[in-house]
Structures are given as C-alpha cells and as structure tokens.
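Notes follow once the structure below has been shown.
The values are calculated or read from the model by the stated rules, or taken from the named source; none is laboratory data. Keep in mind that what you see is a predicted model, and the values were worked out from it rather than measured. Every residue, glycine among them, receives a Cβ derived from its backbone with ideal geometry; neighbour counts consider all protein chains shown.
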Amino acid sequence: MHISVSVLVENTALKKGLLAEHGLSVYIEAGEQKILFDTGQSGIVLHNAKVLGHRLDRLDAVVLSHGHYDHTGGLKHVLKSCGDLKIYAHPSAFKPKFACNENGVGRSIGLPGADGGLLPNIEKLSVSTTQPTEIIEGIFVTGQIPRVTPFEDTGGPFFLDAACTQPDLMFDDQALFFNTSQGTVVLLGCAHAGVINTLVYVHELTGGKSIHAVMGGMHLLSADEERMNRTMDHFYRLDPDLLGPAHCTGRSAVFRLHASFGRKCIPFSGGTRITFTR
Ligand SMILES: [Fe+2]
Ligand SMILES: [Fe+2]
C-alpha cells in the first residue's frame, strides 16, 4: 500500500497557479483514507487543493500540529467547504496564544475564532490527542511530546496571555508519523517541542525503528550555535534518508542541513508530492 504526502500550503510554492503564505498544510492519502495535517493560515488551502486535484470534501479527518494561526487559520474555511470533520488536536491548541514583543506586549497568534464563537462546533468535533493516537490505520500523532534534551526550547517568546506573564510551553505541539518499508516518516508542524525531542519520542513510540524521512517546520530560526550544533549531532546519529526542512526551520538551519546532508535534503514546498510504500 502507498501513502502519499502532498504539500498544499507552505511559505513557498513550486507550481504555477499555487498560492503561498507563511504557514503549513499537508494532505495525506493512504488508500481510500485522506487526512489533512494543518490548514495553513487562510483559505488558500482550498484553492491549492483544487489546483493540485485533491478533493478535500472527501477528507476523513483534520489533524492540528498545534494552535498557532499559521497552522489553524484555514480550519474554518475547510469546515465550511467540507462539512463537519473530526479534528485531532491537543486541548491546549484551542487556548488563546500570544507572541510577546520587546515591550512586553502580546500579539494574538492562536487559532482564529476559537474564543470568539467563530468555530461553534469545535468542542463537539475535536478528539483530544494528549497521548499518542492512531488517526487512520497506521498513521499516528505523537500527542504531547516529552522534553528530554537540555538544549531545546519552544523557539520563541510564546505566552498564554496578552500581558505576557504566563509562558506557553506549547504542550499542544505534536508530530504525525507512520511506518514504511524503509523506516518511519515524520511530519512536523513547527516542532515547538524541539525537533530532536520529537524524533527521540517517535523513535521510542515505534520501538526503535529507523527514521526514514523528517519533513516540515523545525523552528530553528532563533536557535543559537550550541542548539544548532547539538541538533546537527543528533541528525547525524539518526541519519534519516530524507530531510525536508520547511516553513519555520529558518534560513541558516536550512543551509546547514543542505551543506551536511546534500541530496538527502529535498524541497518541501507547496506542490511537493512524495509517495512512500508501507
Ligand atoms: Fe508555524
Ligand atoms: Fe508555531
């Protein structure tokens, strides 16, 4: 059986007619079952799905990697267009979220409309993923990811309140994974739990299977030298066959990954489609 991973929304796009925005949305097909991992930040997910020939009205579920707007803003458009769907998310994804500026003022960066009643069915539709959860046969989310490395943090000034008094530890951050004949494939939203924490946990959840591919946002854009060096050390040890650093990975981290992993680094932009064999 084949599992295909198709990038609908990313900061960049590879094909004519596709739109791009700061955000991520990935469409996954496994036989007759289809899921959407994140929704981008606006309705362009619907436009791009149409351009790429994917029928979102046949989705079985939506998975949210975390609550930030650039992954969840398209949700209301998807629900409006496709009808009610199961939404697999950690409950913290629906909490208000803020990014704090240097003056201590918070900017709202959470799921748009969750607190203002714009998504009235959200509680009814959502399936809590605090624990590892199977979404469709053989495709899982990690649920809350244990923080075991001493060198990783959430990667930004994230808070739960506009006054920036309660840090947001981003417990909602989760990754999607599935096993293939070549090893485990891991899809990251923003990896606010830390990309290495995420991979260590997936490795544990799969009973130590090798990691075949890691794709998505690695949120290394504000990583200091020590974090970058130690992250690279772990990547060398895990030695994945494919790396698709995208979205919030950060330019210098992407350069470093390309310099070290060469052809193993692949584009993961709007229009990218990769098929794996289970
Ligand atoms: Fe993001
Ligand atoms: Fe994020």
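Annotations
- Residue match in the range 124-140 (condition: crowded, with 20+ Cβ neighbours inside 10 Å, within 13 Å of Ser92 (Cβ to Cβ) and within 14 Å of ligand 2 (Cβ to nearest atom)): no
Residue by residue, here is whether (1) within 22 Å of Glu10 (Cβ to Cβ); (2) within 20 Å of the chain's Cα centre (by Cα); (3) at pLDDT 95 or above holds:
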{"residue": "Met215", "(1), (2), (3)": "yes, yes, yes"}
{"residue": "Met218", "(1), (2), (3)": "yes, yes, yes"}
{"residue": "Ser222", "(1), (2), (3)": "yes, yes, no"}
{"residue": "Pro240", "(1), (2), (3)": "yes, yes, yes"}
{"residue": "Ala259", "(1), (2), (3)": "yes, no, yes"}
{"residue": "Gly270", "(1), (2), (3)": "yes, yes, yes"}
{"residue": "Phe276", "(1), (2), (3)": "yes, yes, yes"}
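- Those strands (runs of 3 or more DSSP E) lying entirely in the range 171-237 with at least 2 residues free of Cβ contacts under 8 Å to residues at least 40 places away in the same chain and away from ligand 2 (no atom under 16 Å from the Cβ): 183-188, 211-217
- Across the range 40-51, the qualifying residues are those that are assigned to a loop (DSSP other than H, G, I, E, B) and either under 15 Å from the mean Cα position of the chain (by Cα) or within 16 Å of ligand 1 (Cβ to nearest atom) (or both), and the one among them that is surrounded by the most Cβ atoms within 10 Å (Cβ to Cβ) is Gly40.
- When each of Phe158, Phe151, Phe177 is tested for being more than 16 Å from ligand 1 (Cβ to nearest atom), buried (at least 20 other Cβ atoms within 10 Å of the Cβ), modelled with pLDDT of 95 or more and not aliphatic (A, V, I, L, M), the lone residue that passes is Phe177.
- Some residue of the range 244-253 being surrounded by fewer than 22 Cβ atoms within 10 Å (Cβ to Cβ) and on the phi > 0 side of the Ramachandran plot: yes
- With respect to the conditions (1) modelled with pLDDT under 95; (2) assigned to a loop (DSSP other than H, G, I, E, B); (3) in contact with a helix residue (DSSP H, G or I) (Cβ under 6 Å, 6 or more places away or on another chain), Asp115 falls short on a single one, namely (3).
- Contact annotation: residue pairs with Cβ atoms under 8 Å, 6 or more positions apart or on different chains, pairing a residue in the range 52-78 that is in a helix (DSSP H, G or I) with a partner that is among the acidic types (Asp, Glu) and surrounded by fewer than 24 Cβ atoms within 10 Å (Cβ to Cβ), are Asp70/Glu21.
- Residues that are within 16 Å of ligand 1 (Cβ to nearest atom) and among the aromatic types (Phe, Trp, Tyr), drawn from the range 62-93: Tyr69
- Residue satisfying all of: in the range 13-29; under 18 Å from Val214 (Cα atoms) and more than 16 Å from ligand 2 (Cβ to nearest atom); surrounded by the fewest Cβ atoms within 10 Å (Cβ to Cβ) among these: Glu29
- Residues within the range 216-242 that are closer than 17 Å to Thr272 by Cα and buried (at least 24 other Cβ atoms within 10 Å of the Cβ), tallied: 2
- Sole residue being away from ligand 2 (no atom under 15 Å from the Cβ), within 17 Å of His192 (Cβ to Cβ) and not hydrophobic (A, V, I, L, M, F, W, C), chosen from Pro91, Pro96: Pro91
- Selection of first residues in the range 13-38 that are more than 18 Å from Leu64 (Cα to Cα) and of second residues that are within 13 Å of ligand 1 (Cβ to nearest atom), restricted to Cβ pairs under 9 Å at least 6 apart or on distinct chains, gives the following pairs, ordered by first then second residue: Leu18/Val9; Leu19/Val9; Ala20/Val9; Ala20/Glu10; Ala20/Asn11.
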